[in-house]
1. If I go through region 55-102 residue by residue, how many of them are assigned to a loop (DSSP other than H, G, I, E, B) and at pLDDT 80 or above?
2. Which ones in region 1-32 are open to solvent by 70 Å² or more (accessible area, probe 1.4 Å) and either polar (S, T, N, Q) or not in a helix (DSSP H, G or I) (or both)?
3. What number of residues within region 197-209 satisfy the criterion of being over 14 Å from GLU151 (Cβ atoms) and open to solvent by less than 50 Å² (accessible area, probe 1.4 Å)?
4. Does LEU52 meet the test of being at pLDDT 85 or above, of a type in the set (A, V, I, L, M, F, W, C), outside the structural domain of VAL204 (by TED's automatic domain parsing) and assigned to a loop (DSSP other than H, G, I, E, B)?
5. Collect the residues in region 121-140 that are out of contact with any Asp or Glu (no Cβ under 6 Å at 6 or more places or on another chain), surrounded by fewer than 18 Cβ atoms within 10 Å (Cβ to Cβ) and assigned to a strand (DSSP E or B), keeping them in residue-number order.
6. Filter region 137-151 down to the residues that are in contact with a helix residue (DSSP H, G or I) (Cβ under 6 Å, 6 or more places away or on another chain) and at pLDDT 95 or above, then identify the one that is farthest from ALA234 (Cα to Cα).
7. Which one of the conditions (1) buried (at least 19 other Cβ atoms within 10 Å of the Cβ); (2) more than 16 Å from VAL137 (Cα to Cα); (3) in contact with a Phe, Trp or Tyr (Cβ under 8 Å, 6 or more places away or on another chain) does CYS227 fail to meet, given that it meets all the rest?
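The values are calculated or read from the model by the stated rules, or taken from the named source; none is laboratory data. Because the structure is a prediction, the values reported are computed rather than measured. Reconstructed Cβ throughout: ideal geometry from the backbone, glycine too, with neighbour counts over all protein chains shown. All accessible areas refer to the heavy atoms of the entire protein, side chains included, with ligands and DNA or RNA removed. Shrake-Rupley method; radii C 1.70, N 1.55, O 1.52, S 1.80 Å.
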Amino acid sequence: MSDQLEITLDRSSPVPLYHQVASALEQAIRDGTLPPETKLENEIDLAKRFNLSRPTMRQAMDQLVRDGLVVRRRGVGTQVVGAPVRRNLRLSSLYDDLQTEGAVQRTEVLSLERVPASADVAERLQLRVGEEVQHVVRLRSVDERPLALMENWVPPHVAEFSRETLAAGGLYNLLRTAGVDFRMAHQRVGADVADARQAKLLGVETGDPLVTMDRTALDSGGRAVECGHHLYRADRYSFDTTLVN
């Protein structure tokens, strides 16, 4: 943790001290004063530094953990993971949402090939089992840190891609350029744990939690034009939704 980081606490304020500390640390994380991978001091040292009790400091750190800004790792300690990406549940692509936020993103195309549609993919894309589809696997990074491992299937009659175009832009933008008029999508959000391959690509430990998203997109004619299975680092990603009665 940066020795230059100063936190001013108002001990006469009705705002709890733990919340003041957590808010100050959150601001330092979000503005880059505490960049990702920064190792924080232990709670005893932090409590001494800010003249707080250890339970108060623990409450502050617990809040940062719940908000996905820091993570506790056995044998390593507490580290900054950076401000998580939060997406609204709407018909948009990760590329578009990150671009809107002004995030610095990079896409690595791990594979692009034509494969026979499995039973699951064929059902989702309204095809015959074994019919040829384009299978794309990409790794999306933000600020040079892995965020998402994305797997998609697109029928060749809908659009065709190259590694260069997929690396340079978003899949939905390429589909729109090909004339696809997106109208709706069926989406399911869930959770899983990382296997050894996924962990290596996403920069996490085997067994760490991942957010999953399965989506099938339809055009204005009701035709299935794309389906995907995406994995996101749970410490860096969440979905936001507003519920109205």
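1. 1
2. Residues satisfying the conditions are ASP3, GLN4, GLU6, THR8, ASP10, ARG11, SER12, PRO14, GLN27, ASP31.
3. Count: 5.
4. In short, yes.
5. Correct list: GLU132 only.
6. LEU139
7. (2)
Residue-by-condition table, conditions (1) open to solvent by less than 50 Å² (accessible area, probe 1.4 Å); (2) of a type in the set (Gly, Ala, Ser); (3) not assigned by TED's automatic domain parsing to the domain that holds ASP67:
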site	(1), (2), (3)
PRO155	yes, no, yes
ARG163	no, no, yes
ALA168	no, yes, yes
THR177	no, no, yes
PHE182	yes, no, yes
ASP195	no, no, yes
ARG215	yes, no, yes
LEU218	yes, no, yes
